[in-house]
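Below is one structure, written out as structure tokens; comments come after it.
The values are calculated or read from the model by the stated rules, or taken from the named source; none is laboratory data. What you are looking at is a predicted structure, and each value in this text was computed from that prediction instead of being measured. Every residue, glycine among them, receives a Cβ derived from its backbone with ideal geometry; neighbour counts consider all protein chains shown. Protein only, heavy atoms only, side chains kept; ligands, DNA and RNA dropped before computing areas. Shrake-Rupley method; radii C 1.70, N 1.55, O 1.52, S 1.80 Å.
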Amino acid sequence: MDSYPLLLAFVGIVALLTAWLPAYLERRPLSLPIILVLIGMAAFRLPWLTAPDPRDNLGLTAHLTELGVLVSLMGAGLKIDRVFGWRTWNTTRRLLIVAMPLTIVLIGLLGLWIGGLSLAGAALLGSALAPTDPVLAADVQVGAPTVYDPQVKEDEVRFALTSEAGLNDALAFPFVWGAIALAGAAAGEVHRGALGWLGIDVGYRLLVGGAVGWLVGRTLARIFFKPPGPLTALADRAEGFVAIASTLLAYGTTELAHGYGFMAVFVTAVTLRSGERQHEFHVVMHEFARQVEEMLMVALLLLFGGALSHGLLDHLTWQGFLVALLGVFVVRPIAAGLALVRTTVRPFERRTIGFFGVRGIGSLFYLSFALGQAPFEDADALWSMIASAVVLSILVHGVAATPVMERLDRRRRARDERRRLLGQPVSS
């Protein structure tokens with residue numbers, strides 16, 4: 001049988017299912033990623049399709065997963081309505097400063113004590129599994145951008161999970177570089193010392209990512225909404241593809257300056273959003289970015305499913321599975337709960353934020369990126385542990401998202417009704 005037309009027909013069927021299934025699954029305890037992984041596992045069992053293995057080409061794996069994260073970061077930044085500020089982003093700040101480093105350390109210790117990993121492998125495991133994934137967390141994030149209304153208070157849970165996913169992918173990078181340095185040192189290679197790590201990987205790269213993202217965002221906001229002289233505002237043309245153009249510009253420019261491109265893309269999107277909050281062009285850009293993100297997600301999850309059915313979990317031991325299970329469903333909730341102590345976030349909301357630390361495409365990116373930079377003696381074990389954590393997250397978070405968020409919304413509606421009677425701001 002000719003595999004090429006078969007592949008085209010298969011892609012067409014999957015694309016139609018991707019367009020139709022979200023509406024069908026909207027109020028059911030099931031998610032599109034679960035179905036896509038299952039389809040991938042079944043499809044790549046057919047003799048006409050070559051089974052993918054992300055370990056065979058780490059560079060290609062890193063670039064594909066990187067692209068998926070980038071587009072998702074742009075979409076996440078564009079749909080955040082809340083004005084950036086130290087107090088208004090307090091929940092996000094605590095999750096990034098307290099919860100993420102604590103999660104990295106605790107998962108790393110589990111990898112050492114239970115998983116039997118090397119110090120470098122444990123550091124990479126914690127760094128890859130700590131960030132909340134922006135690609136697979138759409139069910140628990142804020143919706144499309146709306147016309148800004150200061151009287152409407154954005155839902156704290158969805159805002160926290162969206163903004164956290166937007167920033168922690170960049171903030172995990174210094175820890176990934178630390179793991180790479182440890183692996184290189186174990187192999188006799190020369191890497192930067194502790195001071196070099198603090199000065200370059202933590203300080204310089206983060207600063208450049210934030211600065212370039214802000215500068216690109218400000219410049220594009222001027223071009224889009226208030227161009228100088230007789231030029232027509234690009235926003236009036238309503239071309240959604242400029243969201244992808246903005247993503248690539250911010251990322252490429254920052255990487256050329258050796259900064260963290262992930263941070264630059266999200267900062268660019270948030271800065272663009274703040275450039276003119278009342279314009280509907282944000283909706284156009286977000287919708288285009290969302291469609292591209294969905295296409296990339298479909299491809300990546302199908303390939304991931306195929307890799308699962310062809311040996312990606314072959315080196316998984318019960319100890320490794322236990323580390324993945326504890327890391328996703330015990331360590332993350334505890335770390336987030338501690339981070340949000342003494343805040344205005346209600347207990348049920350706090351537990352929801354802690355529970356939905358989704359693991360996904362970003363974890364696979366960090367793993368493939370790090371393995372391409374230095375030799376890790378426990379690379380196969382890391383693939384199996386991180387892949388199993390992603391599978392667990394896709395399954396459990398996908399099933400739980402609808403009922404948990406519906407319960408959250410019922411509580412919010414009841415609270416908003418009381419606020420309306422008192423003339424106070426209500427949730428969006």
Worksheet, complete the sentence: Which of Gly213, Gly362, Gly275 fluctuates most in a GNM of the chain (C-alpha springs under 10 Å)? That residue is Gly275
Item to complete: Could you do me a favour and compute the accessible area per residue for the stretch 276-350, 1.4 Å probe, result in Å²?
Response: 46
Practice prompt. Output the relative contact order of the stretch 352-428, whole-number percent, from Cα pairs under 8 angstrom with separation of 6+ residues.
Written response: 32
Fill in: Cα-centre dipole for the chain with unit charges at Cβ (Lys and Arg positive, Asp and Glu negative), debye to 20
1860
Worksheet, complete the sentence: Gyration tensor on Cα atoms of the stretch 1-44, a ≥ b ≥ c root eigenvalues, a/c under 1.5 rounded, else prolate if a/b beats b/c, else oblate, says oblate
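Remind me, relative contact order of the chain in percent, using alpha carbon pairs under 8 angstrom and six or more residues apart?
Working: 668 pairs, mean separation 133.2, N = 428.
About 31 percent, as a whole number.
What number comes out for the charge environment of Ala374, summing +1 per Lys or Arg and -1 per Asp or Glu over other residues with Cβ under 14 Å away?
Numbers: positive: Arg192; negative: Glu189, Asp201, Glu377, Asp378.
That sum, taken over residues with Cβ under 14 Å, equals -3.
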Fill in: Sum of side-chain charges, Met263 neighbourhood, beta-carbon under 14 Å (Lys, Arg +1; Asp, Glu -1)
-4
Response to the item:
SASA check, Trp214, accessible area w/ 1.4 Å probe, all protein chains in place, rounded to nearest 10 Å², comes out at 140
Worksheet item: Mind listing which trypsin sites (Lys or Arg not before Pro) in the stretch 31-136 are in a DSSP loop and have 13 or fewer other Cβ atoms within 10 Å?
Response: Arg45, Arg87
Item to complete: Would you rank His310, His286 by solvent-accessible area, highest first, keeping every protein chain in place and using a 1.4 Å probe?
Response: His310, His286
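Please list 406-413, 339-346 highest first by mean number of surrounding beta-carbon atoms within 10 Å per residue.
With the highest mean Cβ count within 10 Å placed first, the list reads 339-346, 406-413.
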Fill in: Given [x] 55; [y] 72; [z] 63, the label whose value is percent of Cα pairs over 26 Å apart derived from this model
[x]
Practice prompt. Take Ser274, Ser118, Ser363 and sort them by solvent-accessible surface of the protein heavy atoms, 1.4 Å probe, largest at the top.
Written response: Ser274, Ser118, Ser363
Worksheet, complete the sentence: Over the chain, the sum of -39500 (n - 2.57) across DSSP H runs of at least four, divided by residue number and rounded to 500 deg cm²/dmol, gives at 222 nm -21500 deg cm²/dmol
Worksheet item: With all protein chains present and a 1.4 Å probe, how do Ile386, Ile35 order by accessible area, largest first?
Response: Ile35, Ile386
Fill in: In Hz, Karplus ³J(HN,Hα) per residue of the stretch 374-389 (6.51, -1.76, 1.60; θ = phi - 60°; x = Gly, Pro)
7, x, 9, 5, 10, 4, 5, 5, 5, 4, 5, 5, 5, 4, 5, 5
Discussion item. Which of rounded, prolate or oblate describes the stretch 294-428 when judged by the alpha-carbon gyration tensor and an a/c cut-off of 1.5?
Written reply: prolate
Item to complete: Express the accessible area of the stretch 24-96 per residue in Å², computed with a 1.4 Å probe while the remaining protein chains stay in the model.
Response: 49
Worksheet item: In whole percent, how big is the carbon plus sulfur part of the accessible area of the stretch 1-140, probe 1.4 Å, protein atoms only?
Response: 69
Practice prompt. Using only the Cα atoms of the stretch 1-118, build the gyration tensor, take square roots of its eigenvalues as a ≥ b ≥ c, and label the shape rounded, prolate or oblate: rounded if a/c is under 1.5, else prolate if a/b is larger than b/c, else oblate.
Written response: oblate
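Between the DSSP loop rule and a limit of at most 14 other Cβ atoms within 10 Å, which chymotrypsin sites (Phe, Trp or Tyr not before Pro) in the stretch 33-124 are left?
When the chymotrypsin sites (Phe, Trp or Tyr not before Pro) of the stretch 33-124 are filtered for loop state and at most 14 Cβ neighbours within 10 Å, Trp48, Phe84, Trp86 remain.
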